[in-house]
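Accompanying notes for the structure given below.
No value in this document is a laboratory result; all are computed from the given coordinates. Not measured: the values here are computed from a predicted model. Note that we place each Cβ from the backbone using ideal geometry, even for glycine, and neighbour counts take in every protein chain shown.
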Amino acid sequence: MHAQVRRPVLMISIDALNPHYVLKAGDRAGEIPFLRSLLTNGVYAESVLNVVPTITNPNHVTLITGTWPERHGIFNNMLQDPIANTQGLQMEYGNAIRVRTLWQAAKAAGLTTASVDWPVSLGAYGIDYNIPSITLPQAPEAHYLLEAVSRPDGFLEHVEKEIGTYSPTEDEDNFTTHAAQTIIREQRPYFFTVHLSGLDEAQHRSGPDTPDAYQALARIDGLVHQLVDDERKVYPDADIVIVSDHGFFPVSHVLNLNSEFVRHGLITISQTPSEHIASWKAFTWTGGGSAVILLHDSSDTATRDKVANILADLQKNPANGIARVLSKKEAASFGGTPQAEFLIDCRPGFYIGRGLTTPLITSAKQKGTHGFLPTHPELQSAFFMLGPGVIRGKNLGVVDMRQIAPTVAKELNANLPEAEEPPLSIRN
């Protein structure tokens, strides 16, 4: 029996890359030459069955743990406490992840690790060189906050001497790529995670399969190629893993379920000193195209029944945008938050908003979004991998996102015991 060969891994996430952009590029294939080359030079998934909700943070944590949200503990992009009104605060804290990550596994194996802009990496354990993803003010002073949370102390300032000071007006993917190139050359991480967000931003702004989205992906194709070239100069035998978190639907309408709960007395609003929730019996925790309904008291059967009736009445009218209402048991089968009393999936064209005193249906301010159940092929994500000995041109079919982290761990010869699915078959 041969010992497992250890290989360096550069893992790049292209946020919001549905596989059809690459697999079915058609006349646009020439705009993304590097990504298209992955179809013949390595293995790829027809699609990746991702996790609920199909949004950035829960899926990125699944990508580096191999577990569902119910186990890793990151259930949404946003923190949620109706009374404290935290709907606008991001869940960015890597030290809140409840299971071992690939960073920790690599570090325990004695390997150097690094990360740039990976979602839910702020304060994450096991990262030697970390420029985390964090919500920053749109102000010239934003770089001070990013410098303060990057590790080790003074590290980002050192990188900025090479590439220039971070500015919120600069293209974020360019900054991420230049920072990553510096880290590859100088720190030589054996396991490196990098996140590029421009495609996601373009699809929120203009919708999927639009000129804006195609242009964003073409730019990203060039950036990824640069990173791979630099990685191969340092580690010629490196594995390159390209992943994503979700796809997209075009949208035009917002369903404000909490405003319906207010009208039915399930949420009480106070206007002093400004509009906020004073008390609640049921609450909609939105994930974009889907949402979970929370009960303040899980044993309150009267409220549960009232919510069930409200949802059933709304679902009868297609103009309200509800495609499915899943029970607690059905919701649990998707591995999301155990607090979910109901799980709502929207019809294409709708997503669930946060309005408390708005009309039930309002016009969307964005042209595209995600968060719908992963049973929609349009919402599924992508996986590509190439490296010495990786099978060339193999279509892996539809894979479970939880298989990706153990696949990477195997390449690193690192231990990820909590992963819930086996590694993918990428070698003969």
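The figures follow:
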{"quantity": "Neighbour-count ranking [beta-carbon atoms within 10 angstrom, fewest first] of Val48, Val325", "calculated": "Val325, Val48"}
{"quantity": "Option label - Cα extents along the principal axes in Å computed here, alternatives (1) 65, 53, 43; (2) 105, 65, 44; (3) 63, 46, 44", "calculated": "(3)"}
{"quantity": "Rg to Rh, two decimals, where the range 43-145 supplies the alpha carbon set and Rh follows Kirkwood", "calculated": "1.00"}
{"quantity": "Spatial separation of Cα centroids for the range 381-418 and the range 226-258, in angstrom", "calculated": "15"}
{"quantity": "Dipole magnitude (debye, nearest 20) for the range 250-369, charges at Cβ of Lys, Arg, Asp, Glu", "calculated": "300"}
{"quantity": "Residue among Thr284, Cys346, Thr357 farthest towards the positive dipole end of the range 250-369, charges placed on Cβ", "calculated": "Cys346"}
{"quantity": "Cα-based reach from Lys365 at 17 Å (exclusive), listing aspartates and glutamates while leaving out same-chain residues under 8 positions away", "calculated": "Asp200, Glu201, Asp212"}
{"quantity": "Residue of Val116, Val234, Val22 that the Gaussian network model of the chain assigns the largest fluctuation, springs spanning Cα pairs under 10 Å", "calculated": "Val234"}
{"quantity": "Packing-based exposure ordering (other Cβ within 10 Å, fewest first) of Met11, Met78", "calculated": "Met78, Met11"}
{"quantity": "Burial ordering of Ile293, Ile322, fewest other beta-carbon atoms within 10 Å first", "calculated": "Ile322, Ile293"}
{"quantity": "The chain, relative contact order [Cα under 8 Å, separation at least 6], %", "calculated": "30"}
{"quantity": "Interchain or long-range residues, amide H under 5 Å from Arg324's placed H", "calculated": "Asp345"}
{"quantity": "Mean separation of Cα contacts under 8 Å, 6 or more apart, over the residue count of the range 250-369: relative contact order %", "calculated": "43"}
{"quantity": "Charge dipole magnitude, Cβ of K and R +1, D and E -1 - the chain, Cα centre, debye nearest 20", "calculated": "1040"}
